[in-house]
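Undergrad: Just dropping this structure here.
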Amino acid sequence: MKYAEEFRDPKAAKALLTLISEVVDDIGATREKPIHIMEICGGHTHAIFRYGLDKLVHDGIEFIHGPGCPVCVLPMSRVDECIEIAGKEGVIFTTFGDAMRVPGTQKSLLQAKAEGADIRMVYSPLDALELARRNPDREVVFFGLGFETTTPSTAFSIQAAAREELTNFSIFCNHITVPAPIKVLLDDPHMVLDGFVGPGHVSMVIGTHPYDFIAQDYGKPIVVAGFEPLDLLQSVLMVLQQIRDGRAEVENQYARVVPEHGNPVSLAAISDVYEPRPSFEWRGLGEIEESGLRIRTRYAAFDAEVKFGIGYAAETRGVEEPEGCSCGAVMTGRMKPVHCMQFGRGCTPETPLGALMVSSEGACAAYYQYGGARAAAE
């Protein structure tokens, strides 16, 4: 298949839904005792609700929304540090658009921009690099944010800046990794997870083997999935077939994009520029060992934390959630967005309490945007 519409074919979808129902019946799952499948990636969450897959599949399947939205899992203290950097004299602070409205403890980047900070939306760190070339008397900082999907692009931009000796460019690094928080969830005795739909874009960079521990150590199946409705339905079917057959393997549904061993050029750039942090704070999960990346010492000239003296060990760690906000519980699959007392009331896209309502991959944004979940809360 070559075109998007082929991955949205209704006849093929109906055939997959029939097969899914048959396997669920073979397993014996029901609405009261469902199979719990976590889609790790926020992009998958949005696709599930955009295409109504949660309503089309057998009611013996319950989707659990995972921590695969890098904007959403960022602690508020790091947003505060972005605003602190942006407020310094001579700084042009650049960021992806979906981070602009994420609340810190006092304000968002958008509010800081309205108050006079020079904060600009860009499409890539290379745009920020070009701003640095054009503004040699200004310090241009890019908000490096994302999983392994976006990490190569910031690594390439740092390498380019180093080659050009462009000393007015730096990255505020908040890159994080997918496998570590999944292990935390699997170690949580209160979580009930029967299988995983894995993030395709992340695996495009890292391949499939970083998930081997899920199958080997925890006995849970995981299928790396694409983002079209047929991709997701086929991936759910593959997870269910493993459960029915008593297997636990890492399978790759998204083989048209994801190579088994990842992208060697991207992996080499990441290894050259970054190293693991001893730990990193995740919203809803707390500090997780070696779950984040930091810029290596040899590239310290391009590290905004070094330039501006904003250390990760600062006393701002562990900022409490706003009163009534359940982002942490939703992000870790412990609560559905509609069960949050603020959903659609005190927390909307116009007046967000948390990142999940404003991020393009946030679970609350998916529920609010697509259909009946919003009405259920009003």
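Undergrad: Would you work out which of Phe147, Thr208, Val192 lies farthest towards the positive end of the dipole of the range 131-239? Charges go on Cβ: Lys and Arg +1, Asp and Glu -1.
TA: It is Phe147, whose Cα lies furthest towards the positive end.
Undergrad: Could I ask something else about it? May I ask you to order 202-208, 357-363 by the average number of other C-beta atoms within 10 Å around their residues, highest value first? Don't jump to the answer; show the numbers that get you there.
TA: Working: 202-208: 22.7, 357-363: 24.9.
The peptides rank, most packed first, as 357-363, 202-208.
Undergrad: Which net charge results when you count Lys and Arg as +1 and Asp and Glu as -1 among the other residues whose beta-carbon is under 12 Å from that of Thr208?
TA: Charge balance near Thr208 sits at -4.
Undergrad: Using the per-residue mean of other Cβ atoms lying within 10 Å as a proxy for protection, in what order, highest first, do the peptides 23-31, 163-171, 9-17 fall?
TA: Highest to lowest by the protection proxy: 163-171, 23-31, 9-17.
Undergrad: Rounded to the nearest 20 debye, what is the charge dipole size of the range 45-154 about its Cα centre when +1 sits on each Lys and Arg Cβ and -1 on each Asp and Glu Cβ?
TA: Computed about the Cα centre, the dipole is about 240 debye.
Undergrad: Follow-up. Hey, in the GNM for the chain with a 10 angstrom Cα cutoff, which one of Ala155, Ala47, Ala255 fluctuates hardest?
TA: Maximum fluctuation in the GNM of the chain, among the listed residues, is at Ala255.
Undergrad: Also, I was wondering about something else. Gly198's amide H: which non-local residues (gap 5+, or another chain) put their own amide H closer than 5 Å, with H modeled 1.01 Å from N in plane and none for Pro or chain starts?
TA: The answer is Val223, Val224, Ala225.
Undergrad: Using a 1.4 Å probe, what is the accessible area per residue for the chain, in Å²?
TA: Ligands and nucleic acids excluded, the result is 43 Å² per residue.
Undergrad: Can I ask one more? So what's the gap between the Cα centers of the range 262-280 and the range 321-352, to the nearest angstrom?
TA: The two parts, judged by their Cα centres, are 33 Å apart.
Undergrad: Explain nothing, just compute: Karplus ³J(HN,Hα) = 6.51 cos²θ - 1.76 cosθ + 1.60, θ = phi - 60°, for every residue of the range 50-60 in order, whole Hz, x for Gly and Pro.
TA: Those phi angles translate into 4, 9, x, 5, 5, 8, 8, 6, 3, 6, x Hz.
Undergrad: Ok, one more. With a 1.4 Å probe and every protein chain kept in, tell me what percent of the accessible surface of the chain is carbon plus sulfur.
TA: Values: 8340 of 16120 Å².
Carbon plus sulfur share of accessible area: 52 percent.
Undergrad: Further question: Obtain the radius of gyration and the Kirkwood radius of the range 46-105 from its C-alpha atoms and give Rg over Rh.
TA: 1.21
Undergrad: Go through Cys41, Ala12, Pro67 and say which Cα lies farthest out towards the positive end of the charge dipole of the range 12-85; charges sit on Cβ, +1 for Lys and Arg, -1 for Asp and Glu.
TA: Result: Ala12, furthest along the dipole toward the positive end.
Undergrad: Whose amide H sits under 5 Å from the amide H of Ser124, counting only residues 5 or more places off or on another chain, with H placed in the peptide plane?
TA: Answer set, sorted by chain and number: none.
Undergrad: Treating each Cα of the range 106-217 as an identical point scatterer and ignoring solvent, apply the Debye formula and state log10 I(q)/I(0) at q = 0.11, 0.12 Å⁻¹.
TA: Values, matching the q order: -0.53, -0.60.
Undergrad: Still on this model: Can you give me the long-range amide H partners of Arg296? Hydrogens built in the peptide plane at 1.01 Å from N, cutoff under 5 Å, separation of 5 or more residues or another chain.
TA: Excluding prolines and chain starts, which carry no amide H, the hits are Tyr274, Glu275.
Undergrad: A further question on this structure: Given charges of +1 on the Cβ of Lys and Arg and -1 on the Cβ of Asp and Glu, with all other atoms neutral, how large is the dipole of the range 55-107 about its Cα centre, in debye to the nearest 20?
TA: The dipole magnitude comes to about 120 debye.
Undergrad: Counting Lys and Arg as +1 and Asp and Glu as -1, each charge on the Cβ, what is the dipole of the chain about the Cα centre in debye, to the nearest 20?
TA: Magnitude of the dipole: close to 580 debye.
Undergrad: Could I ask something else about it? So what's the projected area for the chain, the Cα convex hull averaged over all directions, in nm²?
TA: 18.7 nm²
Undergrad: On to the next question. How long are the semi-axes of the equivalent ellipsoid of the range 22-167, taking √(5λ) for every eigenvalue λ of the Cα gyration tensor, in whole Å from largest down?
TA: One finds semi-axes of 42, 18, 11 Å for the range 22-167.
Undergrad: Cα-Cα over 32 Å: which of Lys11/Lys183; Lys55/Lys113; Lys55/Lys220; Lys55/Lys107?
TA: Over 32 Å Cα-Cα: Lys11/Lys183; Lys55/Lys113; Lys55/Lys107.
Undergrad: Same structure again: Among 266-278, 133-145, how do they line up from the highest to the lowest mean number of other beta-carbon atoms within 10 Å?
TA: Per-residue Cβ counts within 10 Å, averaged per peptide and sorted highest first, yield 133-145, 266-278.
The values are calculated or read from the model by the stated rules, or taken from the named source; none is laboratory data. This structure is a prediction, so every number in the text was calculated from the model and none was measured. FYI the Cβ positions are ideal-geometry reconstructions off the backbone, even for glycines, and counts take in every protein chain you see. Protein only, heavy atoms only, side chains kept; ligands, DNA and RNA dropped before computing areas. Shrake-Rupley method; radii C 1.70, N 1.55, O 1.52, S 1.80 Å.
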